[in-house]
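The values are calculated or read from the model by the stated rules, or taken from the named source; none is laboratory data. What you are looking at is a predicted structure, and each value in this text was computed from that prediction instead of being measured. So basically every Cβ, Gly included, is an ideal-geometry build from the backbone, and we count neighbours across all protein chains shown. Just the protein is used for accessible areas: all its heavy atoms, side chains included, with ligands, DNA and RNA removed. Shrake-Rupley method; radii C 1.70, N 1.55, O 1.52, S 1.80 Å.
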Amino acid sequence: QVPLKPGRSLMDWLRLTKSGKDLTGLKGRVIEVTEDELAKHNKKEDCWICIRGFVYNVTPYMEYHPGGEDELMKAAGADGTDLFDQVHRWVNYESMLKECLVGRMAIKPIAAPKEILNHHIYEESLYSIPEDETVLCMKTFLSNVLLHFFFCFQSLENSCACIYDWFQTDSLITIVIYTKQKDMNAELVIVDCQGKRLRGEIIVDDHSYLVEVDLDHAVSEDVAVNIAEKIGKVEIILNKKDNIHWKMLGQPWEDHNTFIKRTDRGLFYRKCKLVSKTEVTHDTKLFCFMLPKGTHLRVPTGQHVYLKQIIAGTEVVKPYTPVLPFLPLDFQEPSHHDGVHIYLMIKIYSSGLFTQALDHLQIGDYIFVSNPEGNFKKSQVQTSEDLLLLAGGTGFTPMVKLLNFALTEVHCLRTVKLIFFNKTENDILWRNQLEQLALKDERFEVQFILSQPTKDWVGKQGRISSSLLSEFVKRSRRDSKVLICICGPTPFTEQGVQ
């Protein structure tokens, strides 16, 4: 993020979009945009961007963009869909930029695949024959057959690596999904059963398989998920409300029984209830949200979720990494660490539109929480000998589950070191717990570094730099395999990577 000028906050942008001002420059017209026309609008004072086939005039949004003008300019006069997906696919741009909509991209002719070209060549030769009824029927038949085979080949390329079936008893409905994945586990299965709508998503590497139906009859809120890890079988078990025989599972939704890339699958949200809110530091709180009864969701280590709120009539979405209720090896028993709660450690900014709205939530209020996203793989930790964690401020949050996993499940690790950067002592999250953890596990070491310490501070001070890191970032052995994970504000992360 970059510092924005006064009067350029998200709330200021929302006010501008509702002011009635013409933000497209087209006086209310919606046009069809060619690639050539789009390419002409590639300057800061005249910038159009295409996202998913729709073109937006982002010129008035330049000064309001949290990532700065330069980031927007990377897609100026071009299709920015891939760049958008890489950086923040979660942002509801349709709502944020609806007053900037210029129009839809013109559909350009698509080169016909080889099979279709061959089909047309063959069809042209048929047209040289005098057209009587027999030949016309023959031409139609051949056209349909060739097109049919082409689309069959296309669908085979996108065919599903999973299959599902279902069966019933007097009281139960069981949906069985065969994934062919031998290391299937609870984190790869997401189930939401609300009312009569059942949505079951299975993560298979970078793909997603979906079972989504309106159930034929009512079921209770309790949902059970059984997983046979070695053979990759998943069972979703529902309790019938009435002991009647179902003739069918239900009516399928549009994406039912599809297997596509995860990045092509839209984010799914469910309403979660706030059950507790506790102070961690002077400006950071630990929020505990309860999942709905019909939801099975485990957020994998290193992945995040999105929170969605309606603010001033606009959907606003922000990503957060779930933490544990406390660090591993602590002396107290977990209160809600049972798979039905999500804990988020969030810094409340005095001028932050989203975090202020979060902070004003009352116990019992609801917020929308998405499915997990992220590319981090536990195998990266399981094949390492030294784990080094560099955290800046609330960049500590992804480290919580990572610490838990590393110290409780990865026995090949010789050292786990956290280098934790903050402004002042009062900003250090869970300092006491981290110090206790270092005392309990000899493999773990924590180093606190402050950029704005008081004169009483006796520890290290400074900002992230090569000279400072060279003092702490070391192998336990000469040839040991090291994994370094870094998270924090963008300047911190970029400097750390360098």
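Within segment 359-375, can you find the residues that are open to solvent by less than 50 Å² (accessible area, probe 1.4 Å) and either within 24 Å of Thr295 (Cα to Cα) or at pLDDT below 95 (or both)?
At the first step, the residues of segment 359-375 found to be open to solvent by less than 50 Å² (accessible area, probe 1.4 Å) are 359, 361, 364, 367, 369-374.
Of everything in segment 359-375, those that are open to solvent by less than 50 Å² (accessible area, probe 1.4 Å) and either within 24 Å of Thr295 (Cα to Cα) or at pLDDT below 95 (or both) turn out to be Leu361, Gly364, Ile367, Val369, Ser370, Asn371, Pro372, Glu373, Gly374.
Output the residues belonging to segment 1-34 that are of a type in the set (S, T, N, Q), within 20 Å of Asp46 (Cα to Cα) and open to solvent by less than 60 Å² (accessible area, probe 1.4 Å). Explain how you work it out, then say what you get.
Taking segment 1-34 and keeping what is of a type in the set (S, T, N, Q), we get 1, 9, 17, 19, 24, 34.
Pick out the ones that are also within 20 Å of Asp46 (Cα to Cα) and you get 17, 24, 34.
Thr17, Thr24 - these are the residues of segment 1-34 that are of a type in the set (S, T, N, Q), within 20 Å of Asp46 (Cα to Cα) and open to solvent by less than 60 Å² (accessible area, probe 1.4 Å).
Which residues, taken from segment 230-263, are open to solvent by 90 Å² or more (accessible area, probe 1.4 Å) and closer than 15 Å to Val176 by Cβ?
Scanning segment 230-263 gives a single hit, Ile231.
Within the set of pairs 6+ apart or on separate chains, which have a first residue in segment 232-245 that is within 23 Å of Val204 (Cβ to Cβ) and assigned by the TED database to the domain that holds Val176, a second that is of a type outside the set (D, E, K, R) and open to solvent by 70 Å² or more (accessible area, probe 1.4 Å), and C-beta atoms under 6 Å apart?
Close Cβ pairs (under 6 Å, with a partner that is of a type outside the set (D, E, K, R) and open to solvent by 70 Å² or more (accessible area, probe 1.4 Å)) amount to Lys233/Tyr178; Glu235/Asn226.
Counting only residues that are in a loop (DSSP other than H, G, I, E, B) and of a type in the set (A, V, I, L, M), how many does segment 445-465 have? Break it down stepwise before answering.
At the first step, the residues of segment 445-465 found to be in a loop (DSSP other than H, G, I, E, B) are 451-459, 462-465.
Checking which are of a type in the set (A, V, I, L, M) leaves us with 458, 464.
The qualifying residues number 2.
Pairs only if they're at least six apart or on different chains, beta carbon under 9 angstrom, first in segment 16-35 and more than 11 Å from Glu99 (Cβ to Cβ), second in a loop (DSSP other than H, G, I, E, B) and open to solvent by 40 Å² or more (accessible area, probe 1.4 Å); list them, first residue then second.
Glu32/Ile107; Thr34/Lys108; Glu35/Lys108
Could you tell me whether segment 221-237 includes any residue that is polar (S, T, N, Q) and at pLDDT below 90? Full working, then the answer.
As a first pass, look at segment 221-237 and keep what is polar (S, T, N, Q): 226.
If we keep only those that are at pLDDT below 90 as well, we get none.
Looking through segment 221-237, none of the residues is polar (S, T, N, Q) and at pLDDT below 90.
Check whether at least one residue in segment 466-480 is in a helix (DSSP H, G or I), touching a residue at least 40 places away in the same chain (Cβ under 8 Å), open to solvent by less than 30 Å² (accessible area, probe 1.4 Å) and not charged (D, E, K, R), and report yes or no. Walk me through it before giving the result.
Pass one, segment 466-480, residues in a helix (DSSP H, G or I): 466-472.
Filter again for touching a residue at least 40 places away in the same chain (Cβ under 8 Å), leaving 469, 472.
From what is left, the residues that are open to solvent by less than 30 Å² (accessible area, probe 1.4 Å) are 469, 472.
Still in the list and also not charged (D, E, K, R): 469, 472.
Yes, segment 466-480 contains a residue that is in a helix (DSSP H, G or I), touching a residue at least 40 places away in the same chain (Cβ under 8 Å), open to solvent by less than 30 Å² (accessible area, probe 1.4 Å) and not charged (D, E, K, R).
Any residue that is basic (Lys, Arg) and more than 23 Å from Ser384 (Cβ to Cβ) - is there at least one of those in segment 463-475?
So in segment 463-475, the residues basic (Lys, Arg) come out as 463, 474-475.
From the residues that got through so far, the ones that are more than 23 Å from Ser384 (Cβ to Cβ) too are 463.
Yes.
Can you find a residue that is open to solvent by 30 Å² or more (accessible area, probe 1.4 Å), basic (Lys, Arg) and either in contact (Cβ under 8 Å) with a residue 60 or more places away in the chain or touching a Cys at 6+ places or on another chain (Cβ under 9 Å) (or both) anywhere in segment 400-412?
First, the residues of segment 400-412 that are open to solvent by 30 Å² or more (accessible area, probe 1.4 Å): 401, 404, 408-409, 411-412.
Next, only the ones that are basic (Lys, Arg) stay: 401.
Among the residues that remain, those that are also either in contact (Cβ under 8 Å) with a residue 60 or more places away in the chain or touching a Cys at 6+ places or on another chain (Cβ under 9 Å) (or both) are: 401.
Checked against the condition, which is being open to solvent by 30 Å² or more (accessible area, probe 1.4 Å), basic (Lys, Arg) and either in contact (Cβ under 8 Å) with a residue 60 or more places away in the chain or touching a Cys at 6+ places or on another chain (Cβ under 9 Å) (or both), segment 400-412 yields at least one hit.
Determine which single condition Thr383 fails, assuming it passes every other condition in (1) touching a residue at least 12 places away in the same chain (Cβ under 8 Å); (2) surrounded by 16 or more Cβ atoms within 10 Å (Cβ to Cβ); (3) more than 28 Å from Val223 (Cβ to Cβ).
Looking at each condition in turn, Thr383 falls short on (2).
Can we say Thr278 is farther than 15 Å from Met399 by Cα, open to solvent by 50 Å² or more (accessible area, probe 1.4 Å) and not in a loop (DSSP other than H, G, I, E, B)? Can you show your working first?
Details: farther than 15 Å from Met399 by Cα: yes; open to solvent by 50 Å² or more (accessible area, probe 1.4 Å): yes; not in a loop (DSSP other than H, G, I, E, B): yes.
It is true that Thr278 is farther than 15 Å from Met399 by Cα, open to solvent by 50 Å² or more (accessible area, probe 1.4 Å) and not in a loop (DSSP other than H, G, I, E, B).
When you scan segment 51-63, do you find a residue that is open to solvent by 50 Å² or more (accessible area, probe 1.4 Å), modelled with pLDDT of 85 or more and charged (D, E, K, R), even just one? First the steps, then the outcome.
Pass one, segment 51-63, residues open to solvent by 50 Å² or more (accessible area, probe 1.4 Å): 52, 54, 63.
Right, trim to modelled with pLDDT of 85 or more and you get 52, 54, 63.
Checking which are charged (D, E, K, R) leaves us with 52, 63.
Among the residues of segment 51-63, at least one is open to solvent by 50 Å² or more (accessible area, probe 1.4 Å), modelled with pLDDT of 85 or more and charged (D, E, K, R), which makes the answer yes.
Restricting segment 193-202 to residues that are free of Cβ contacts under 8 Å to residues at least 60 places away in the same chain and surrounded by 21 or more Cβ atoms within 10 Å (Cβ to Cβ), which is farthest from Trp166 (Cα to Cα)? First the steps, then the outcome.
Going through segment 193-202, the residues free of Cβ contacts under 8 Å to residues at least 60 places away in the same chain turn out to be 195-198, 200, 202.
Then drop every residue that is not surrounded by 21 or more Cβ atoms within 10 Å (Cβ to Cβ), which leaves 198, 200, 202.
Details: Leu198: 13, Gly200: 13, Ile202: 16 Å.
It comes out as Ile202.
Would you be able to say whether some residue in segment 261-270 is part of a strand (DSSP E or B), closer than 27 Å to Ile348 by Cβ and touching a residue at least 12 places away in the same chain (Cβ under 8 Å)? Even if it seems obvious, please write down each step before you answer.
In the first step, residues of segment 261-270 are kept if they are part of a strand (DSSP E or B); the result is 261, 269-270.
Filter again for closer than 27 Å to Ile348 by Cβ, leaving 269-270.
Narrowing the set further to residues that are touching a residue at least 12 places away in the same chain (Cβ under 8 Å) leaves 269-270.
Within segment 261-270, one or more residues are part of a strand (DSSP E or B), closer than 27 Å to Ile348 by Cβ and touching a residue at least 12 places away in the same chain (Cβ under 8 Å).
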